[in-house]
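J.: Would you mind keeping the following structure in view while I ask a few things?
Each value in this text was obtained by applying a stated rule to the coordinates, not by laboratory testing. These figures come from a predicted structure and were not determined experimentally. Methodologically, a virtual Cβ is constructed for each residue, glycine included, from the backbone with ideal geometry; neighbour enumeration extends over all protein chains shown.
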Amino acid sequence: MKIAFNSDGMHSHARITGLVLILLITSMMSVSATETKDDGIPLIHVTGSGTIKATPDRVQIELTVVTKNPDVKAAQKENARKMETVMSALRDPSKGNLTGREIGTTSYYISEVYYPDDTLKAKYGDNITIYQVSNTISIETEKIDRVGDLIDLAVAAGANSVSSLQFTLSQQKTAELRKEALAIAVKKAQADAETVMAAMGKSLGDVHEVTVDESYQPPVYYNQDSRSVQMAAGAPSTPIEPGSVEVTARVTTGYRIL
């Protein structure tokens with residue numbers, strides 16, 4: 001009787017265990033179906049872009065003092081004297097009126113002149129090694145209306161190259177304009193989706209997903225190349241017009257098709 005009781009108990013236990021497993025499997029299948037039921041919803045994906053044009057409120061100018069001499073120390077000494085004159089003029093409240101935060105050194109190079117021009121050959125000879133010292137400073141300022149004056153001032157003080165001139169927007173203004181560009185992009189995406197659905201005889205449902213293009217770069221406007229700027233800098237007054245820059249935003253939206 002004891003053995004029979006255990007046997008029946010084992011059979012009962014097996015039946016209960018099997019029932020529990022069936023219920024567990026059924027429960028798992030129900031949960032899985034609930035989690036994946038949205039996968040079959042038809043969607044339409046559209047991309048919209050918005051662009052805002054604006055006047056730049058910042059400028060970056062790179063000015064270089066270049067000196068050449070067979071004596072590298074002499075070239076360095078002359079370069080330091082000229083650059084000090086340039087920096088003093090740009091910082092002078094009665095001239096450039098730039099603060100320490102608006103101007104600073106970006107690069108300093110010493111190199112050999114491998115192909116001296118006729119002027120250097122006439123001055124130092126054909127078979128003499130000549131060294132070149134280049135000292136570059138960068139001006140970053142909101143004084144957009146004084147770009148030409150700053151270039152003329154630096155050239156008059158001893159700068160002999162304008163290696164870069166670019167106009168851009170401050171971070172605050174860029175953020176404000178990008179919000180406007182994003183709003184335009186969203187409206188364009190929705191308008192395109194509605195047009196397509198109407199042509200297909202369908203209705204546009206709610207937004208299912210939205211992706212904002214994060215590959216964003218602050219707008220930069222290059223006024224002209226360094227060679228033309230350098231030539232213009234020798235004129236009595238260098239005319240510089242900043243033009244305009246563009247802030248662009250792009251979004252991709254997925255709508256349900258009804």
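J.: Step through the table entries LYS73/LYS121; LYS82/LYS123; LYS95/LYS173; LYS121/LYS143; LYS77/LYS121, compare each Cα-Cα distance with 30 Å, and write down the pairs that go over it. Display every interim value, and only then the final one.
T.: Details: LYS73/LYS121 19 Å; LYS82/LYS123 20 Å; LYS95/LYS173 28 Å; LYS121/LYS143 41 Å; LYS77/LYS121 21 Å.
Check vs 30 Å cut-off fails for LYS121/LYS143.
J.: Now, a different point. Can you pull the one-decimal nm distance between simple spin-label points at ASP145 and HIS208, each 7 Å off the Cα toward Cβ?
T.: In this crude label model, ASP145 to HIS208 measures out at 5.5 nm.
J.: Please give, to one decimal in nm, the separation of the simple spin-label points placed at ARG91 and ALA191, each 7 Å out from Cα toward the Cβ.
T.: 5.3 nm
J.: May I ask you to order 177-189, 40-52 by the average number of other C-beta atoms within 10 Å around their residues, highest value first?
T.: 177-189, 40-52
J.: On to the next question. Compute the distance in nm between two label points, each set 7 Å from the Cα along the Cα-to-Cβ direction, one at ALA199 and one at THR47.
T.: Rounded to a tenth, the inter-label distance reads 1.8 nm.
J.: In addition: Within the range 135-157, which residues have the backbone N less than 15 Å from the label spot 7 Å out from ASP57 along Cα→beta-carbon, could you tell me?
T.: 141-145
J.: Convert each backbone phi in the range 195-208 into a coupling constant with the Karplus relation 6.51 cos²θ - 1.76 cosθ + 1.60 (shift: θ = phi - 60°), then list the ³J(HN,Hα) values in order as whole Hz, x for Gly and Pro.
T.: In residue order, the calculated couplings are 5, 5, 5, 5, 5, 8, x, 10, 10, 8, x, 6, 6, 9 Hz.
J.: Mind ranking 190-198, 145-153 by how tightly packed they are, going by the mean number of other C-beta atoms within 10 angstrom, highest first?
T.: Working: 190-198: 15.0, 145-153: 18.2.
Going from most to least packed, we get 145-153, 190-198.
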